[in-house]
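The values are calculated or read from the model by the stated rules, or taken from the named source; none is laboratory data. Keep in mind that this is a model prediction, so the values were computed, not measured. Cβ atoms come from the backbone with ideal geometry, glycine included; neighbour counts cover every protein chain shown. All accessible areas refer to the heavy atoms of the entire protein, side chains included, with ligands and DNA or RNA removed. Shrake-Rupley method; radii C 1.70, N 1.55, O 1.52, S 1.80 Å.
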Amino acid sequence: MYYLKSFLIIFFASLLVSLFTFESFPSENIRMPVCAGKFYPATQSELKQTIDTLTQKAKQTTVKIPSNKELKAIILPHAGYIYSGFTAAHASNVLSEKQFNKVILLGPDHRVGFRNCAISNVKGYQTPLGLIMLHEDTKILLKKSNLFQYIQPFDEVEHSLEVILPFLQYYLKDFELVPIVMGRTSEINTIADAIEPLLDLDTLLVVSSDLSHFLPYSKAVARDKETIDIILNFKPEELKKRENCACGKIPILILMEIARRHEWQPVLLNYSNSGDTAGDCSKVVGYAAIAYFSKTSLNKKQGAILVKLARKTIMEKLGLNMKSDKARQLSDALKNSCFNERRGTFVTLKIDGRLRGCIGSLTSNESILTGIRRNALNAAFRDPRFPPLTTDEFEHVDIEISILTKPKPLEYTDYSDLLSKLRVNVDGVIIRKRRAGATFLPQVWKQLPEPEKFLSRLCAKAGLSADSWKNTKLEVLTYQVQYFGLN
């Protein structure tokens, strides 16, 4: 009877645990850890203690982090924590709680063998530190391109993603995941094209890769230094030709291509190899942590400050006053040196979702502060499409500000080549023909998602025939923006 009671107690306790675990998802829809107890500790308490110890040690390393720059991506190693954990823990120097709510994680295939990209179709990844839900962008990629597909075996054996996750959980806490494992591919640019529109201010791009494998210590150090220099100096063609340089060569190449497009700047956080940590120096594996920072990015708080500046500028022109304490806080916030950077800016006004004014400058001839003030007034009172804004209208106005990258010429051979090179939801587009010219911000793709209609409307805006992009050779430039809105 005693054993029967004990059995029933254990049975019902287990049943309750199963009912309230994984947010009620059936276990087959959760990717369970396969490396716990091998690459890293299997229990939550021991895993936290291990990462904490590694973090404290990594914090002792002097790393020069660029000021007024925003983290966009990071390369981290994926070996057992006893070997690569020290280098991976250098992520603690650039990551903080709730810094990102989405992580796109790219890792190499070590065991299965397939072409292009594998994506999991589970609802979440479980680690000893908790459950990470998959982001809806995972489904978007699966539907978007045949380069991305579900390949079941990789989920059951691959370690390159899983080993990174506890570090991200420890530093970021809550985030959703887009897990991508890379097989053999030559479609670097096409894959980058698919991933790039998913990147925003709340997204961190992470690449999982070790460096050289099983070379003698001194040869490994020399080879890894060359590989790191290639990565830091944006030499993808050299990396492609290089043997035994990085198991995650493909994910690194994709990151390098995206970073090149956005002018992200890489910074080496740490290098070590297994001979430095816990291994035999006769055959070592190399590890690097490399962070990428946006050259000209503002964070959401800084964007909100600029929206408030635009609103205050319009208020003053209308004879209205901001409350003194709020005006003082804004004045103090605007002293940040990041606002003195020279950038192109746009200010857009809307009422009930309809355009009420939009004026900006494409060139970086003035500071962000000066540009926002000037274009706020121009959008409100000098847009030739609208009468000057009234006090009554101002109460209902939503303001959006856009900070532009430097426009770059887009080379193309014919109209079909032009269509293939435009990146929907990414590129702002400028067209010019002699004295005629016009631009659409990237936000306009939301109203005109088809490139043909986008270009036709843009040509019409420039005063050209709607099919000019087909029949004549136009000068085309593209740029990207950060945009911020605050009602």
Show the residue pairs meeting these rules: Cβ distance below 6 Å; 6+ apart or different chains; first residue within the range 215-238 and under 17 Å from residue 254 (Cα atoms); second residue not in a helix (DSSP H, G or I) and not aromatic (Phe, Trp, Tyr).
227/211; 227/245; 228/288; 232/266
Confirm whether residue 259 is crowded, with 17+ Cβ neighbours inside 10 Å, touching a Pro at 6+ places or on another chain (Cβ under 8 Å) and not in a strand (DSSP E or B).
yes
Test: residue 205 is touching a strand residue (DSSP E or B) at 6+ places or on another chain (Cβ under 6 Å), closer than 23 Å to residue 157 by Cβ and open to solvent by less than 10 Å² (accessible area, probe 1.4 Å)
no
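Each row is one residue, and each column tells you yes or no for (1) modelled with pLDDT under 95; (2) under 22 Å from residue 82 (Cα atoms).
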| position | (1), (2) |
| --- | --- |
| 260 | yes, no |
| 264 | yes, no |
| 277 | no, yes |
| 294 | yes, no |
| 304 | yes, no |
| 318 | no, no |
Subset of the range 413-433, residues open to solvent by 60 Å² or more (accessible area, probe 1.4 Å), free of Cβ contacts under 8 Å to residues at least 40 places away in the same chain and either within 21 Å of residue 194 (Cα to Cα) or in contact with a His (Cβ under 9 Å, 6 or more places away or on another chain) (or both), comes to 416, 420, 421
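Considering only helices (runs of 4 or more DSSP H) fully contained in the range 79-191, which possess at least 3 residues that are open to solvent by less than 40 Å² (accessible area, probe 1.4 Å)? Give the derivation first.
On the way: elements: 81-88, 137-144, 152-157, 165-172.
Here the list reads 81-88, 137-144, 165-172.
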From the option list 408, 421, single residue qualifying as closer than 21 Å to residue 294 by Cα and either touching a Pro at 6+ places or on another chain (Cβ under 7 Å) or of a type in the set (D, E, K, R) (or both) is 408
Residue by residue through the range 19-64, note down the ones that are modelled with pLDDT under 85, more than 26 Å from residue 272 (Cβ to Cβ) and open to solvent by 70 Å² or more (accessible area, probe 1.4 Å).
19, 20, 23, 24, 27, 28
Looking only at the range 371-412, count how many residues are open to solvent by less than 50 Å² (accessible area, probe 1.4 Å) and assigned to a strand (DSSP E or B).
7
